[in-house]
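Report on the following structure.
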Amino acid sequence: MITPKIKSHSTPHRPSQGNRDFRNRTKRDGKLPDEQKNILRGAPKTHTGVATAQPGIILKAERGKSLLRRHPWIFSGAVECVNGAPASGDTLPVRSAQGEFLAWAAYNAGSQITARIWSWREEETINVEFFRSKIANALALRRDFKLADKSSGMRLVHAESDGLPGLVVDQYGDVLVMQIGSAGAERWRDTCADILQELCKPTCIYERSDSDSRTLEGLEPRNGVLRGTLPDNVEVVENGLRFNVDVVAGQKTGFYLDQRDNRALTETLAQDRDVLNCFCYTGGFSLYALRGGAKSVLSIDASGDALRSAEENLARNGLDAARAEWQEADVFLALRKLRDQGRSFDLIILDPPKFAPTAAFAEKAARGYKDINLLGFKLLRPGGILITYSCSGGISEDLFQKIVAGAALDAGVDAQIVHRLHASADHPVLLSFPEGAYLKGLVLRVG
Ligand code: SAH
């Protein structure tokens, strides 16, 4: 048996600096005196604060529209100036060019997203009670929709979509994993950990703050125990299947919870089929397909650690190893090799990593998606099924469908969309924040 490599970035965390919010220094009526308005109109287009002016973020004229639609981000280009020399993570009022109150937001001087909204209500105080109420509300949604019924794992807090920009909390049985991706959430990390401890009573809260988005926010990676003790083995039981979750060194917070319902759908389509699962990670779709009666499952991933974990998961569930083949390879090359070998399959799953984190990467990402989908179509037998995903925030559902349609055309096949897939319900999407709907999938039947 091979032990997976453990990446240890464990660093002691700094104690919270508390909330330096500027609420008490803000005029309650949200109106600026005329002379201050004039100062602001004439202010240079810079983020340097005007120390004597009213503290807060002042938007450029006509740039408050997205806030009025309750989109929770303020980009640096929309900011006229920031008054009061605040530090990153501070809570500041956001005001229109005319001085009207728009929102309370967490400031970050080092990010293109200068501020993320905590609240739209002027009378709100951003304090422990605020976070307790937001977290309790997120837990209530999961309870109301009975999301714990089929799995011991789920996303408890889905950042912006649960009203807590930059805070992700995933549950794996008694272990919670927190991922912090913004300066505002970073400021309130200990408060949120205390609230989660109080409301969920986990044996451990582990912090996996090492995502790419942290770099964009100018935050150092952090990885380590926040509360309690991490058990030797963390496991999630999903629809009766057991998966080992490496919260310390696995991808994301250890497991791709967002594919839970889609994995269950795959099981229903696998009977007597030869299955190819590309980008298999720790074997999620593969194990479901095997339990669903697949004739064979070939699973490919570039990560040896993930594949070793997948094999352990197979054994853990007593599934038939003779029907499973694991291959450590680059999927782009492996698909070409399979084509050249004349191989074919009845069901192909393509669940690649994020090719386009933002729209700026969309063109390059589109080429990647087209490539693997084209090869996928070519490897399918007539009547076969392609289940294809994109988790790129920079690729819309509509664009993804167009890319897949182009791939089918080039492969010379006709295909029908049978299902449109999204992340499971523990990843709700705030209506005013469409960016939250990052995962999209298509189940296609080839004629
Ligand atoms: N379907 C999985 C999640 C897939 S995540 C589940 O349900 O759990 C994407 C996976 O793609 C990761 O495991 C990563 O190691 C792998 N990966 C990234 N680039 C790759 C490449 N070029 N070839 C093969 N695997 C790759």
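Numbers below:
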{"item": "In degrees, nearest ten, helix 128-144 long axis to first principal axis of the chain (Cα)", "result": "30"}
{"item": "Projected label distance in nm at residue 328 and residue 71, using a 7 Å step from Cα toward the beta-carbon", "result": "4.4"}
{"item": "Under-5 Å amide H pairs with residue 124, H placed in peptide plane, nonlocal only", "result": "none"}
{"item": "Net charge of neighbours whose Cβ lies under 14 Å from the Cβ of residue 363, counting Lys and Arg as +1 and Asp and Glu as -1", "result": "+3"}
{"item": "Estimated D of the chain in µm² per second, where Rh is the Kirkwood radius over Cα pairs and Stokes-Einstein applies at 10 °C, 1.306 mPa s", "result": "68"}
{"item": "Rounded tilt (10° steps) of 260-269 against the dominant C-alpha axis of the chain", "result": "20"}
{"item": "Whole-number accessible area per residue in Å² for the chain, which is evaluated in the context of all protein chains at 1.4 Å", "result": "44"}
{"item": "Full-stretch length increase - residue 129, residue 337 - with 0.36 nm per residue and alpha-carbon distance subtracted", "result": "69.2 nm"}
{"item": "Rounded to 10°, Cα long-axis angle of helix 189-200 versus longest principal axis of the chain", "result": "60"}
{"item": "DSSP loop GluC sites (Glu not before Pro) with at most 11 other Cβ within 10 Å excluded, longest remaining stretch of the chain", "result": "124-447"}
{"item": "Where N is the number of residues in region 159-290, Cα Rg divided by 2.2 N^0.38 Å", "result": "1.16"}
{"item": "Residue-wise HN-Hα coupling along region 394-399, computed from phi with Karplus coefficients 6.51, -1.76, 1.60 (Hz; x: Gly, Pro)", "result": "x, 10, 6, 4, 5, 5"}
{"item": "With every protein chain in place, the chain: carbon and sulfur % of accessible area (1.4 Å)", "result": "52"}
{"item": "Alpha-carbon centroids, region 89-105 and region 279-318: separation in whole Å", "result": "49"}
{"item": "Pairs beyond 21 Å (Cα-Cα), from 295/440; 150/354; 337/378; 295/370; 370/402; 337/370", "result": "295/440; 150/354; 295/370"}
{"item": "Cβ-based net charge around residue 281, under 14 Å, with every Lys or Arg adding one and every Asp or Glu removing one", "result": "-4"}
{"item": "Amide H within-cut-off set for residue 206, under 5 Å, with H built and near neighbours excluded", "result": "176, 177, 178, 226"}
{"item": "Estimated 222 nm signal from helices in the chain, with DSSP H stretches of n ≥ 4 weighted -39500 (n - 2.57), rounded to 500", "result": "-8500 deg cm²/dmol"}
{"item": "Rounded if a/c under 1.5, otherwise prolate or oblate - region 118-160, Cα gyration tensor axes", "result": "prolate"}
{"item": "For region 276-357, Kirkwood radius (reciprocal of mean inverse C-alpha pair distance, Å)", "result": "12.9"}
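The values are calculated or read from the model by the stated rules, or taken from the named source; none is laboratory data. Remember, predicted model here, so these are calculated numbers, not experimental data. Heads up, the Cβs are rebuilt from the backbone with ideal geometry, glycines too, and the neighbour counts pull from every protein chain shown. The area values use the complete protein model at the heavy-atom level, side chains included, leaving out ligands, DNA and RNA. Shrake-Rupley method; radii C 1.70, N 1.55, O 1.52, S 1.80 Å.
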